[in-house]
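One structure is given here, and the rest of the page talks about it.
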Amino acid sequence: MRFLRLSLLTLTWLGFALAAHAQAGRITGVVQDSVTHEPLPFSSVFLANTTLGATTNENGQFVLDRVPKGTYDIVGSYVGYRLSKQSITVAAGATAPAVTLRLASSGPQLGEVVVKADANQEANYHKFTDLFVGRTSFSKQCRITNPGDVDIEFNDTTKTLTATTDSYVQVENKALGYRLKYFGMRFQYNETSEAVSYEGQTVFEEMKPKDEAQRRQWAANRLAAYNGSQTHFLKSVYDNQLKENNFLAQQVRLVIPPRAARAEAALRKKKTPFTPADADSLRAWAALPPIAQLNPVARPIDSLRRVAPDGRVFLRFSDELQVVYFGEAPDPAYTAPMSPIGPVDKTMSSKRQVSRLTLLVPETEINTNGTLVNPFDVVPGEYWGFQRIGELLPLDYEPPVKAAPKPKAAAVATP
């Protein structure tokens, strides 16, 4: 009987594995020269921000199996060519329409160029790594392994620091156990506004742990990076499980300072023409930063999402959103004060991470895994804005499924 029990467990596990595999999709295609349409053998193809990739065969053809359903950017890369990218949607258990990626030649290489030495080059590079890789505890365990491929420039006129690469930036994240290749990076930082932006196409590679203890540590760190993240929040919105997953979403309104609003209203009621002093006052009041007003009540789910008749889910909200995640303290390196959140349920933990989210469009579609079809439709701030490469997870990362609570044993009456 013991052998039979083990066999049934094995068959049950195999059934789950086959069912999960059946839910995955498949992508096939070819990579070609954009002019001659000749195949590009042994080029790299990957789904951006995932661990899923392949190399084309001698005919330029590729196959990507076990792709979770969702919308992805599929990217083709080949030495001497520019990246080619297409958006593709994969359905569960289906093969997506065949993809043709046509890469354009990057053109002839220029001869040797003599560049004047920049005395601040090292400082600028360290500033770039600080802003790109991040300052978190996990970020401190990351390193760029090909710094010579990164071109750094600082414009004294615009006070803008830029970093670019003709190939990719490779980052080893020893906190999460991933090796990232960040293709086509375009990084920009403005000293005046302190605005940071970067874009590119990332492919993840699993690093090999040195032992079982490191494998477990990576798994724990990945879960810690996922919990409370923007992806975790959006997945919770998609599944309508905000409270169950320890999230509180509150509305933030940005309003004109009351004193300035009253003074401006009184000035505009004047029946005489504006004087130069009046015009200066109006400009000064308009330049004042708005005041954030927080509604401490949790926003209902219908004010955060719209479910279309075809089942697609869209994120939507007005003004700004404050998102609180309970149960985990912020990273020790995060020194900014947490925003007030108002009265909360007594069952909520005192440990919390407070973030902001701004929606730049009326609504944006959420994928089933909690990512956005168009990630640039939102701007994260506060705690989410503090996190960088150190917490970056691939789109195909799946957190462990919580085990169902065991049923309590029935009480047995004693005679």
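Each value in this text was obtained by applying a stated rule to the coordinates, not by laboratory testing. In this text, all values refer to a predicted model and were calculated from it rather than measured experimentally. With ideal geometry, Cβ positions are generated from the backbone for all residues, glycine too; neighbour counts draw on all protein chains shown.
List of remarks:
- Straight-distance crosslink candidates among aspartates and glutamates, where the alpha carbon sits under 19 Å from Lys181 and sequence neighbours closer than 8 are dropped: Asp73, Asp130, Asp149, Asp151, Asp166, Glu172, Glu199, Glu205, Glu206, Glu391, Asp396
- The protection proxy used here, the mean number of other Cβ atoms lying within 10 Å of each residue, ranks peptides 380-392, 364-376, 201-213, 317-329 as follows, highest first: 380-392, 317-329, 364-376, 201-213.
- Cβ-Cβ distance of Val373 and Gln61, R₀ of 25 Å, FRET efficiency by 1/(1 + (r/R0)^6): the value works out to about 0.35.
- Full extension of the chain segment joining Tyr125 with Ala329 gains 70.4 nm, where the gain is 0.36 nm per residue of separation less the Cα-Cα distance.
- Spin-label pair Asp156/Thr36, simplified geometry with 7 Å Cα→Cβ offset, distance in nm: 4.7 nm
- At q = 0.17, 0.24, 0.25, 0.29 Å⁻¹ the log10 of I(q)/I(0) for region 154-201 amounts to -0.60, -0.86, -0.88, -0.97, computed by Debye summation with a single uniform scatterer per C-alpha, solvent ignored.
- Residues whose amide H lies under 5 Å from that of Arg299, counting only those 5 or more places away or on a different chain, are Ala249, Gln250, Gln251; hydrogens are built 1.01 Å from N in the peptide plane.
- FRET efficiency for Thr28 and Arg316, using Cβ-Cβ distance with R0 set to 25 Å, rounded to 0.05: 0.10
- Charge context of Gly29, other residues only, Cβ under 14 angstrom, K/R +1, D/E -1: +1
- Peptide ranges 25-38, 300-313 listed from the most packed, as the mean C-beta count within 10 angstrom indicates: 25-38, 300-313
- Ranked by how many other beta carbons lie within 10 Å on average, peptides 190-198, 136-144, 239-247 from highest: 136-144, 239-247, 190-198
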